[in-house]
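The values are calculated or read from the model by the stated rules, or taken from the named source; none is laboratory data. As the structure is a computational prediction, the values presented were derived from the model and not from experiment. Here Cβ is always computed from backbone atoms with ideal geometry, including for glycine, and neighbour counts include all displayed protein chains. Side chains are part of the model used for accessible areas, which takes the heavy atoms of the whole protein and leaves out ligands, DNA and RNA. Shrake-Rupley method; radii C 1.70, N 1.55, O 1.52, S 1.80 Å.
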Amino acid sequence: MVKNLVRRDIREFDPYKTNQIPYKIKLDANESPFDLPEKIRQKVVDFFLKGPELNLYPDTESTELRKILASYWKVDSDNIVVGTGSDQLIQVIINVFVEKGDKVICPMPSFGMYKINTIIGGGTPVEVPLKREEDFEYDIDLFIETAKKEKAKVVFLCTPNNPTGGSIPKADIERIVKECPNTVIVVDEAYAEFSKESSVDLIFKYDNLIILRTFSKAYGLAGIRCGYSLSCIEMAEELSKVKPPYNISSLSQYIAILTFKEREIIDKQVEYLIEQREYLMRELKKIDKIHVYPSQANFICFEVPDASLVHKKLEAKGILVRSFGNAPVLGNCIRISVGSKEQNDILLKELSECLK
Ligand SMILES: *Cc1c(COP(=O)(O)O)cnc(C)c1O
């Protein structure tokens, strides 16, 4: 009965899958290996002892958090909208701009939520393939051409791109934004702390640009669900209209503020992970039968002769990685998060064993 009542486009719909199995080392979701720093934990305890006022609704505008983010980015608080993870903002963007049948350009392969949210929102995703033979580079001309041909409402770009790891040069991003003035261009910078490139300053030049950032990756706060957008104020006002009220819990707002204030701790973790990424890249390249794709993120994508088999063998040893099996464009690719030195060494050892 239920099935017959469900919207037709949702009936056949392929949901986002996550791993919830026991593990020793978890390298499948691009998470940080660092839990909340001790110094911040103590402050969270103090916050609780003082009375966290959990009987009251949280500040729906995340005023304090937006204020410190704004001062860091040298923008106004009104340029920023905070979401329950940047995931929520992807959904908000679709809800604001996409009507039934409107086209949304999604890179392929890239983050699955662009397509999923487009379908849920009633839009039509148009996938533009990346160039696998050129290390999964974005074909900028093809993006512009397709956006124009399809009269796309929204174009999603992801840099560094999940799951492949490469960055889009900033000049290329600006070209797309400039040449598609009637399309909203969303630049997802979920991993930009690891590439040290950002297009945030372009929001003052182009009103059709939205940048997405998150606390889930470099900040090691995937568990609090907090992300934000930067855009011109007019755009931010439209997004705010649709954002659910009270979306960020008081506790999440508090932890995000504290962690952002203790950025030096995070900066050191980022430096460590970049070093570990370079180490892993060098070591992976030494293993026979592996082809490694370049990465500017906290994860690495590589190709093996049989990804499903490697995935299964690693899983049996308690090591979780993301396998793309025979997914289109990503056939036989595996993605691993960069972990601690200790985790990375175990992974390298077990992976070489698997491929013997
Ligand atoms: C992990 C990730 C996000 C973020 O998610 P949150 O909802 O902020 O946890 C956004 N975009 C990409 C490409 C990601 O990989």
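Would you please name the residue that is farthest from Lys100 (Cα to Cα), looking only at residues in the range 163-174 that are open to solvent by less than 10 Å² (accessible area, probe 1.4 Å) and either part of a loop (DSSP other than H, G, I, E, B) or near the ligand (Cβ under 9 Å from one of its atoms) (or both)? Restricting to residues being open to solvent by less than 10 Å² (accessible area, probe 1.4 Å) and either part of a loop (DSSP other than H, G, I, E, B) or near the ligand (Cβ under 9 Å from one of its atoms) (or both), the top hit is Gly165.
Being within 21 Å of the chain's Cα centre (by Cα), buried (at least 23 other Cβ atoms within 10 Å of the Cβ) and not assigned by the TED database to the domain that holds Ile300 is a description that applies to Pro160.
Annotation note: of Asp102, Asp76, the sole residue that is away from the ligand (no atom under 16 Å from the Cβ), open to solvent by 50 Å² or more (accessible area, probe 1.4 Å), in contact (Cβ under 8 Å) with a residue 12 or more places away in the chain and of a type in the set (Asp, Glu) is Asp76.
In the range 19-33, what residues are away from the ligand (no atom under 16 Å from the Cβ) and hydrophobic (A, V, I, L, M, F, W, C)? Residues satisfying the conditions are Ile21, Ile25. The residues of the range 216-250 that are open to solvent by 10 Å² or more (accessible area, probe 1.4 Å), more than 16 Å from the ligand (Cβ to nearest atom) and on the phi < 0 side of the Ramachandran plot, listed by number, are Cys232, Ile233, Glu234, Met235, Glu237, Glu238, Ser240, Lys241, Val242, Pro245, Ser250.
For (1) in contact with a Pro (Cβ under 8 Å, 6 or more places away or on another chain); (2) touching a residue at least 24 places away in the same chain (Cβ under 8 Å), each residue gets a yes or a no:
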{"position": "Ile266", "(1), (2)": "no, yes"}
{"position": "Leu284", "(1), (2)": "no, yes"}
{"position": "Phe299", "(1), (2)": "yes, yes"}
{"position": "Glu303", "(1), (2)": "no, yes"}
{"position": "Val310", "(1), (2)": "no, yes"}
{"position": "Ala316", "(1), (2)": "no, no"}
{"position": "Leu320", "(1), (2)": "no, yes"}
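Scan the range 187-215 for residues that are within 9 Å of the ligand (Cβ to nearest atom) and either in contact with a Pro (Cβ under 8 Å, 6 or more places away or on another chain) or assigned by the TED database to the domain that holds Val338 (or both) and jot them down. Hit for the range 187-215 is Tyr191, nothing else. Does the range 82-90 contain at least one residue that is in contact (Cβ under 8 Å) with a residue 24 or more places away in the chain, under 17 Å from Gly121 (Cβ atoms) and part of a loop (DSSP other than H, G, I, E, B)? Yes - at least one qualifying residue is present in the range 82-90.
The set of residues in the range 133-162 that are within 19 Å of Cys333 (Cβ to Cβ), away from the ligand (no atom under 16 Å from the Cβ) and touching a residue at least 12 places away in the same chain (Cβ under 8 Å) comprises Asp135, Glu137.
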